[in-house]
Structure formats: C-alpha cells, structure tokens
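Have a look at the structure below before the remarks.
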Amino acid sequence: MNKKLSRDKCQKVNIVILFIILIFTIFQFINIYKKYNTKKEENIYLSFYNGNIKLNEMPKKGNAENLGFDHAECDNGASVEWNRKNWIPIITNITKSKTKCKLYFAPNLINNYIEQLAETDTINLVYDRTEENNLRYIEKYPNNYIDIGDRDSSNKPILWRIIGVMNNMTVINDDKSESTGESLVKIIRANNIGWLSWDSSASGVNSGRGVNEWSQADLMTTLNKGAYWNKESGQCYSSSSDKQTTCDFSSTGLTESVKNDLAKVRWNTGTLGEAYSSTVYNNDIKFNVKMLYTAEQSSHNGKEQCASSGGSYCNDPVERKTTWDGYIGLMYPSDYGYAVGGDKRDDCLAITIYKWNNSSYNCTENNWLYGSSTWSIIPSTELSYASKVFYLVPIIDDDFASNTKSVLPTAYLKRNIKIKPNSASDYGSQNNPFVIEGVN
C-alpha cells in the first residue's frame, strides 16, 4: 500500500515537472515569435553587420564595442523598426516568404550612448510614456550639454543641450525620399540668439500682427535660409507691420560642418482643437502636458477657429499646414513640459501648466528649460486672431507673432552621428560637454 502511494506521488511530481517544462517551452516560443514579429512560414532571414563586416550574431544590448542599431536593408518591400528598449527588430510589411533583412550596427552612436546612460541614470533621464515613449532629460541641472562644432569669434564652443532621443521621426533624405520610424537626438541652443518676432505682416494683413503659420514665418526663414543659417549679418523682424531690425549672426550662426550633421525632418505643427481661452487654460485635462503633446500632432491649425469670423486680425490668405519639413525649428510646449523633474513630477504632468507656479509643486524650479519668455513652434488658435503663437514662460501663454521673444534654435542630429567616448563622471556637463565626432 505504501509503495503504491509512493508510486502515485512520483507520478504526480513527474506530471507537474512535465507541465512546467511545457509552459516554459510555450513561453519561449511566444518570445521568439514576438521578437521577430513574423510567422513561421514567412521565413525571415536576418544577418548582422558592423559597418561592412558581417557578424555571427546580433550584438547584445550594452555590448563592449558600444554598437548601436544604425539602419536596415530588406528585400520584398519589408521594413524594420528598432525597439531599443527590448533591443529587438520589429519587421513589418512582410508580403513574401524568404524575406532577407540586413541589420547594420555602428559604434558610438549618440542616441545609443544616451540610451545606455538611461540604464543607470534614472534621475536625469526618463521615458515620457507617450505612444512614442521618447527618452528625455529632466530635472534642473542634468548633464546634457553638447559641443556640435559651433564656434564663436573667439573660437570658443557654442554649446547646445540635448532634449532627448525622439522616436518615430520622419527624415527627409537628400534624394527627397522619406525614412520613417527613426530615433533621433533632439538638441536646443543653450543660450538664446536674440529677441525677435516669430512673424510680422503688412498692416493690412491681420492688422500687421503676423501670420501664425510656421512654414512661411519670418523666423523660420531667418533660421533656415537667412542670416542665422548663412552665418552672416542681415535683416530680421522685430515688431508689427513688417518692421525690421539688423541681426548679426556672423559669429554665432551655423557653420557648414554643423549643418551637415543636422537632419531634415518632419516637424508637427498642429495645435488645440478648440479656441484657446481661460476655460482651456485653467482646465487640468485640456491644458496638461500630455494634452499639449497630442495637440502638436493633430490636424488642427492656428486659423480654423477664426476662419469664418473674418475681421482685421483674421484676414490673411495663407494656407495653413500642420507639418513642416526643415532643419531648424523651435521647441514644443510639450518639450518644456516633459523636462520637469522633482518628486512632484507626476503631479506637474497631470495638472494644467497654468498652475506650475504653485509652490506646492515647484514644477518650474525643477525644469532645466525654465528661463525667459521663449517662442515655441506651435500656433495658438483663438476666435478673433490668426496671428497668435504659444511661448514659454514659467507657464505657457500665447502672444501676437509680431511681438518679440527670445529665440532658442532647435534641431535633430542625423541618426549616424557619433560621440567621442569619455569615461569622466561629469561628461555632458557645461565644463565637459558631450562632443560629436562626425558621422559613420
């Protein structure tokens, strides 16, 4: 009897062990399935390269060579998006079996470097939990200074700062083709380049207060075609009714080598879906950071609320767009919002930015982008104006485009930009900034 019970007990233990093995096998199979995002019968063949050198296997996350994903080449129309968090390729648009994809990796890529920093620095680098899950620098004093090669008249570096690694970007290539799903490092000038109008207009157009459409704005022209872009002295706008002023960027404008390191990307320039008012401004749900981020990617423009009302502040004939392809833009209101740190960060992200001056939260005190009144790239939409734009102060407000605010040029580095290795603990500080060393 005892022997029978012992045999029964052993059988039960064996069954439990087999069941555990079965569950583990199924789990592993599911992981493999997710990893390559394909079906077994599709037969996806992956190969891995460091430059032109073929590798035996895919580089591991945090590898000693500091190899990061650069780009992929697939046949049969398939494409690859890189999931940096899980360190796996996501293959899409699979229409045929036996599809081949080559995955290229490169050393010292700056976006890979910052992503690796985020593994240990969870105070100054966080993921923003948006759909794109961008990686952002936060807090008051993060080490996010970068030397991209700009020099002043004394040959001293003109520093920029890294906003973060932005995902799901669309890049406009030199041949005018588009690359989607890119992860690019977003940077902003550490110091403003002057106080200028966002846009101005003739006195008969929106009463001279400018047009809130970035693709034709006077400031866009200055940064991408005019004096700042060409590193020269020229004319900029500084008031209503097309009033101009001399602006001299001969020592602070962009050098040719720096321009070659900047990516031409598609910027979202959407805005709120309803008229900006005290009701919206004071509403936690309608004017918190996530709402602003969503609005920036929307199809709403800066004129739609007053398009039917007409009037002297709403009579411009300019076509409104909600995207713009270019090199130099301005920060988003959400960039300012997501840069907040401190132990009340979640509270700051949840409440309307109008309340950020509340001493209970200290949202502005723990934000490295906090400073003087600075233009954003996003138009505001109001019932009686087609000339207002959001600007950033301790809170976020709007003003006529023809008024002057400080200007902080903002851009994206090309995806294959490399960073010089440096093991110093203060690498990225103002006294020891990150240094780029060209492209792969």
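Read the figures in this text as sums done on the coordinates, not as results from a lab. From a predicted model like this one, the values you see are computed outputs, not experimental measurements. Cβ sites come from the backbone with ideal geometry, for glycine too, and all protein chains shown count toward neighbours.
Here are the numbers for this structure:
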item: Test item: Cα-centred dipole of segment 219-310, Lys/Arg +1 and Asp/Glu -1 on Cβ, debye; result: 140 debye
item: Radius 13 Å from Cβ of residue 375, net charge of other residues (Lys, Arg +1; Asp, Glu -1); result: -3
item: Links that overshoot a 28 Å alpha carbon limit, given the list 60/100; 140/286; 98/176; 264/355; 60/102; 156/414; result: 98/176; 264/355
item: Contact order normalised by residue count of segment 226-284, Cα under 8 Å, 6+ apart, percent; result: 28 percent
item: Dipole moment magnitude, nearest 20 debye, the chain about Cα centre, only Lys, Arg, Asp, Glu C-beta charged; result: 2100 debye
item: DSSP-defined beta bridges in the chain - what % are antiparallel, rounded to 5; result: 85 percent
item: Packing rank of 113-121, 270-278, where each peptide gets the mean count of other beta carbons within 10 Å, highest leading; result: 270-278, 113-121
item: Segment 367-376 - phi-based ³J(HN,Hα) in whole Hz, Karplus 6.51/-1.76/1.60, Gly and Pro as x; result: 9, 5, 8, 5, x, 6, 4, 10, 5, 9
item: Angle between the chain longest axis and helix 2-36 axis [Cα atoms, degrees, rounded to 10]; result: 30 degrees
item: Net +/- balance of residues flanking residue 352 in space, Cβ distance below 14 Å, scoring K and R +1, D and E -1; result: 0
item: Positive dipole terminus of the chain, leading residue within 122, 210, 76 (C-beta point charges); result: 76
item: Among 179, 373, 425: highest mean-square fluctuation, GNM of the chain, C-alpha pairs under 10 Å; result: 425
item: Charge dipole magnitude, Cβ of K and R +1, D and E -1 - segment 58-136, Cα centre, debye nearest 20; result: 360 debye
item: Net charge over other residues, Cβ less than 11 angstrom from the Cβ of residue 106 (K, R count +1; D, E count -1); result: 0
item: GNM result for the chain, Cα springs below 10 Å: residue of 176, 186, 388 fluctuating most strongly; result: 176
item: Once the Cα gyration tensor of the chain is diagonalised, semi-axes √(5λ) in Å; result: 46, 27, 23
item: Segment 335-375 versus segment 224-269: alpha-carbon centroid distance in Å; result: 29 Å
item: Choice from 133, 167, 206 showing the highest fluctuation, given a GNM over the chain with Cα pairs closer than 10 Å; result: 133
item: Stretchable slack from residue 92 to residue 278, in nm (0.36 nm times residue separation minus alpha-carbon distance); result: 62.5 nm
item: Two-site FRET efficiency, residue 203 against residue 50, from Cβ-Cβ distance with R₀ of 45 Å, rounded to 0.05; result: 0.15
item: From phi via Karplus (6.51, -1.76, 1.60), per-residue ³J(HN,Hα) for segment 262-268 in Hz, x at Gly/Pro; result: 8, 8, 8, 10, 8, 8, 7
item: Separation in nanometres of the label points that stand 7 Å from Cα toward Cβ, at residue 216 and residue 285; result: 3.7 nm
item: Segment residue 179-residue 140, length gained on full extension (0.36 nm per residue, minus Cα span); result: 10.6 nm
item: Cα shape, segment 123-174, gyration tensor, a/c 1.5 rule; result: oblate
item: Selection from 235, 317, 167, by position along the positive dipole direction of the chain (Cβ); result: 167
item: Whole-angstrom gap from segment 378-436 to segment 136-200, using each part's C-alpha centre; result: 7 Å
item: DSSP-defined antiparallel bridges as percent of all bridges, segment 296-428, nearest 5; result: 90 percent
item: The chain, relative contact order [Cα under 8 Å, separation at least 6], %; result: 17 percent
item: For segment 78-125 versus segment 202-220, the gap between their alpha-carbon centres in whole angstrom; result: 41 Å
item: Mean ellipticity per residue at 222 nm, deg cm²/dmol - from DSSP H runs of n ≥ 4 across the chain, formula -39500 (n - 2.57); result: -5500 deg cm²/dmol
